[in-house]
Each structure stands twice: as C-alpha cells, then as structure tokens.
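Colleague: Next up is a structure, given as structure tokens.
Just so it is clear, none of the values below were taken in a lab; they were calculated from the coordinates. Since the structure is predicted, the reported quantities are computational estimates derived from the model, not experimental observations. Heads up, the Cβs are rebuilt from the backbone with ideal geometry, glycines too, and the neighbour counts pull from every protein chain shown.
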C-alpha cells in the first residue's frame, strides 16, 4: 500500500528563501566541530544527509566566545580565520540543495571549563565548575559576540543561525527562575528574564539584514523546579517573533532534569502537543522535536497542524537517506533510530566522536566506505544476530555472494530478547530493517540451520564470518539446577515467574529483566502516553500552569517483589549508559526494587536463595531466581589454531568477546570486516 507523505515533502516558503521540505536535521554535537582539521569529515557527514534529502540542517553548537565553551578550546566562531573550514561544510550541503544553519550555543553554567558564567552564581548539578554571575558589561559584550558570530557565519555561507535557548544552556538559565535570581533589569519577571534573548535576536537581525534565517530554539517545557509556565513560554515566543526570529524550534527539558525526554522509553512524539500550543500564538513557522523517528509520526503531526516542520537529529544519524526513502515510498528500508544513545550522546558526554549504534558510518563517512568489490567472493556468515546481519548485508551490498546461516527460526539474536523489555519496543525496527536489507541485497538466508565446518568446506566458501553470539552463563552453586532457577533468556521468552524474585547480576541485562518483571502482564506495549506522563510527573495539559510543567508523579504499586543483586561493591548500574542509566535506576527505585551489592551467592533450596552480605548469611525467601550473571561466547565452528582450512575464518560480535552484550561493537565489527573483504 502506498502512503502519502505530502506534508513532509511540501516546500516551506520563508519569503526570501524556500526550504525544499519540512524535515530539519537538528543540532547534535559530533565532536568534529571542535577542531578545524576535522572539518573535511564534518563536511562529508552533513553532505551525506543533504544528499539524502534533508531540507534544513543545523550544526552542532558553536560558541560565540571563550566563556561559552562547552569544553576547553571548544568550537568557537569569532574571527575571520574560522570562515574557511566552515565553508567546506556549507558547500557540501548547498551542493545537494539543502539549507544549513550554524547553531550558536553558549554553555553558561553547563561548561566543562573554568571560565563559566551564568545569570546567577548557582552551580549546575551536572558540571564541575560554579559559574560567576554575569555583570551588565559582560551581558552587553555577549550580545555583541552573538551578533559578531552570526555575521561571520553569514560570510562562511550559512543560510542562517540557530540561537540555542533551551536544554538549560545560558539563555535558558536567564529565561527561567530555576537559575535566574537577579534583581536588576535582566532578572525578576518574565519581561526582564527574556530581555537577554530578545536583545540578542535584535542585535543579530540588525547585523545580518532581513534575508538571513534566525531560528530560536525555545524551551517549551523546562521540566525543572521553578521553570516557566506555558503562558511565560508564549510571552517569550511572541517577543522573539517581534524581534525578528524566522523559525521557532522546540526544546524540551533541561539536561539536569530528572525526567527523560529522548531515551527509547519516551513514547514517540510525546511532546508535540506543547509545540502545538505555542504555534497557536505565533505567525512564524514552528518546529516540533523529540522522539519523532518515522515518517508516519512526522506526517501525522504536520497533517494535524501541530507544527510546520519536524526536527530529527539521531534518526538522521541512523539513516542519512531517511527523506529520500520516504519520498520514494521505501519506508521499510529506513534504518530506524532506536533512541539508545549508546554511540551518539553517550560518546559526546565522554568527549568521543559521536556515531550511531545501528549505523556505524555516521560521522565516519570518509573512513568506513562500502565500495563495490572487483573480486566477488563466496562468503558464509554463521549467526543471524546483529553482528551477523551487519556483516552479511554490507558484504552483499558490495557484490559478494553471501549465505547467512541461523540455527533458530528467525534472525535477530539477542535483539529478539531486548525488544520485549518495556521501553525497548523500537528494537523491533532494527530487526525489520535488517530483514529488508537481507532481501534487498540478495543474501541467501538459511534458517533452522546449524552448520558445521565440514559443510562449510564442502560448499567451497572463500570467507567464513563467525557471529554465533552468546549463551547465558549458568550459575554454579548448590541447588542452581532447581526448576525455579531460570536464565534471563528463558524469562524474556515467557517462562512463568513467581511473585517474589531474585535477579542475580546487575549489569544491563539485570536491569532490563527487572523492568520486564515490573510490568503487569496486561500492560500494552509501548506504554500509553498518559500513563508515561503520570508516572514521570509531567503535566499533560499543553497549556500548563505548573512551573516547569511538572507535577507529583503517580506510580502504580509494583506487581512483584524484586531483589537485584550483584557481587561488586560499587553502586548498582555504574556500567549503564551515561545518558540513560539514571532513567533505569530511577525506574527500579520508584517500583521499590531492593538493590543489594557486595553479595556472595551461597546456595538455593525450596525456601529461596541463601546469600552472604557484610559477613552475614541471609535467606531471601523468593519463588524464582533469574540468572543474569554474564554470557559465554559460542564459537565451536572455529578451526583449531594452526589447523589448515580452505576458507579464511573471522570472528566478530559476542562470539569474539562476551564480557557484556554490546550491539554497538557487534554491528560496527560486522560492517568494518565486510567493508574490507
């Protein structure tokens, strides 16, 4: 069935210029912005998204001055020497008919450097330095710096700038009482608190003229105490429009907010109604954002008149050709963003180059290249998990003849377990994408086939890629063979579990299993938006009068009594993702999961699990023990060392290293190997 995406593909006329469709690639820091010598790579990265059909691209944040750096010597634009590297980027984008804005971002108190300043001298909970309160002179100088940066951006070929006024950065710090406690003309009521942002827009407009896009990313829902009400947000939006803003973009939540806004458990388009409320009160185009990753969601928002454009950042890391695939009704071929944050935001916060778990080419376009082979080979891939599917589809796309062997009834491997965990429903999409790629690239798929080395040699393969994955590691204590002892795989596949449960192992799988066991069996997947809002304390009224849009959370009583145990003495969840781990820890805490560390497992009997903590033996009276104590590689297909074979053997993914399930590494290893063969 052909679906119309007419609203997504409709041009947007701004009077002095036209954007070819309604898709915005939102700002996302890759780490390439901070050093001029990385700009050829940055140009290739943005150029590929422009070639893929995106109408408007917004760069990662560039500071207007030293005080605004996110990191020491971070990306800055304040002198003419900055023009040349940026022209590489603007040229690469314009070549494909897209527009590009440079985002001007002043970190304020969020900076990881000692020069930080803010509206008031209040330290951020997520950065190490206490800011100095900006003086009147510093504020006026900073307004000039913004305007100066915008003029240089224009010289560099940018079609406009985006002013970052959300997510808790400097301008948001001035706009909200959460940080702004001043009593001069830059603080107090909203008319004073918004003065800084409004004056910046006026100064930029005066410098760049009318035929230059000024986009302002406004926090439409602060999600912090003493945040703005919707009426205050609307007041700011209208003042920004009057000051000369061309486009109004949506920001949701501060980085320090303890409410998730973009992780995979957030329902799709969870915040579109707040954007729609602001849109009612301004005449300029408004952009919706956050957890919009597929065309049907984007089209529905536009068709309902909730926004004029749709911003996506991570979904365009996942698939640079999202728009072109939508335009040609190949939506089933879109490599969907699963909002895991593992290779993008988690990398950014570790000062590593951002990329994408499901698309390892993101930000590596010049390094990970899939060239057509001049020497087609016959390749066997053993194992249809994500490592195997990545290797098979990349190799086949290059022209190799690939056979993929999978012992189970379907491909997907560990993703088939992950996709049933509450909040990880997006993992279905990755399996769908790879299945389509297997078909499109001509991979021969043999399901229900456990292959051996003799068969591989008999069929004459030139290369054998072993991606046989992992199996759960068994528990080895007295009583561990009892029927009430289950592996995480058995539980996630639907084995019955009692009311009182001990989960052994508090890595990512232990947290996933605990969340799985907390969900009532009747609860639908994914979680309905109103239930999710209630559980996290988000005011569901788009015209909210609660400060910051937050209200008391209401959590349903837990359906099971769960103990989550680990041998390590460190706090539970330390190894989880930097930007997502706190969400998982908060979920378990809200649902009264008892977390114990420094545990020794002694024995299991009909009464429960005997453990030792702090030198004392203790009986946990539980009905079921779920073992999440790691995995073991499966590589029985590999030849013995030194054994001569007709084929070259390679090992990737969990079969290579089973220390922790790592889909990011598995997919990248598959792609990198297949790119070389």
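Colleague: Helix-derived [θ] at 222 nm for the chain: sum -39500 (n - 2.57) over DSSP H runs of at least 4, divide by residue count, nearest 500? Spell out each step's value before the answer.
Modeller: On the way: 22 runs with 205 residues, N = 677.
Value at 222 nm, helices only, nearest 500: -8500 deg cm²/dmol.
Colleague: Given the stretch 6-349, what percent of its DSSP beta bridges are antiparallel, to the nearest 5?
Modeller: 5
Colleague: Still on this structure: How much length is gained on full extension from residue 597 to residue 192, taking 0.36 nm per residue of separation minus their Cα-Cα distance?
Modeller: 140.8 nm
Colleague: Also, I was wondering about something else. Report the rotationally averaged projected area of the stretch 22-122 based on its alpha-carbon convex hull, in square nanometres.
Modeller: Averaged projected hull area, Cα only: 6.8 nm².
Colleague: Assuming 1.306 mPa s and 10 °C, estimate D for the stretch 6-349 with Stokes-Einstein, Rh taken as the Kirkwood radius over Cα pairs, in µm²/s.
Modeller: 80
Colleague: Under the definition of Cα pairs under 8 Å and six or more residues apart, what whole-number percent is the relative contact order of the chain?
Modeller: Here the relative contact order equals 12 percent.
Colleague: Determine the percent antiparallel among the DSSP beta bridges restricted to the stretch 1-146, to the nearest 5. If you can, show how the numbers build up before the last one.
Modeller: Numbers: 2 of 11 bridges.
Here the share of antiparallel DSSP bridges comes out near 20 percent.
Colleague: Kindly express, to the nearest 10 degrees and within the range 0 to 90, the angle between helix 508-518's C-alpha long axis and the longest C-alpha principal axis of the chain.
Modeller: Tilt of helix 508-518: around 90 degrees.
Colleague: Return 518, 12, 565 ranked ascending by Cβ neighbour count within 10 Å, so the fewest neighbours appear first.
Modeller: Lowest to highest Cβ neighbour count: 12, 518, 565.
Colleague: If you line up the long axis of helix 427-440 against the longest principal axis of the chain, both from Cα atoms, how many degrees apart are they, to the nearest 10?
Modeller: That works out to roughly 80 degrees.
Colleague: Using DSSP, restrict attention to beta bridges with both residues in the chain and report what percent are antiparallel, rounded to the nearest 5.
Modeller: 20
Colleague: Another one. Using a Förster radius of 60 Å, what is the FRET efficiency between residue 206 and residue 372 based on their Cβ-Cβ separation? Nearest 0.05, please. If you can, show how the numbers build up before the last one.
Modeller: Working: r = 52 Å, r/R0 = 0.87.
The computed FRET efficiency comes out at 0.70.
Colleague: Which stretch or stretches of the stretch 375-397 have amide N atoms under 16 Å from the point lying 7 Å from residue 440's Cα along the Cα→Cβ direction?
Modeller: Only 389-397 pass the distance filter.
Colleague: Using Cα atoms only, what is the angle between the long axis of helix 386-397 and the major principal axis of the chain, expressed in degrees (0 to 90) to the nearest 10?
Modeller: 80
Colleague: Taking the Cβ-Cβ separation of residue 482 and residue 133 as r and a Förster radius of 60 Å, what is the calculated FRET efficiency to the nearest 0.05? Walk me through the numbers on the way to the answer.
Modeller: Values: r = 63 Å, r/R0 = 1.05.
Efficiency at R0 = 60 Å is approximately 0.40.
Colleague: Could I ask something else about it? Quick one: 555, 358, 451, fewest Cβ neighbours within 10 Å first, how do they rank?
Modeller: Ranked by crowding around the Cβ, least crowded first: 555, 451, 358.
Colleague: Moving on. Return, ordered by residue number, the residues of the stretch 274-316 whose backbone nitrogen is under 15 Å from a label point located 7 Å along Cα→Cβ of residue 546.
Modeller: Only 274 pass the distance filter.
Colleague: So how far apart, in nm, are the two label points at residue 350 and residue 578 if each is 7 Å from Cα heading toward Cβ?
Modeller: It is 0.8 nm.
Colleague: Can you sort 25, 294, 574 by how many other beta carbons sit within 10 Å, fewest first?
Modeller: Least crowded to most crowded, the residues run 574, 294, 25.
Colleague: From largest to smallest, what semi-axes in whole angstrom does the chain give when each is the square root of 5 times an eigenvalue of its alpha carbon gyration tensor?
Modeller: Semi-axis lengths for the chain are 44, 32, 22 Å.
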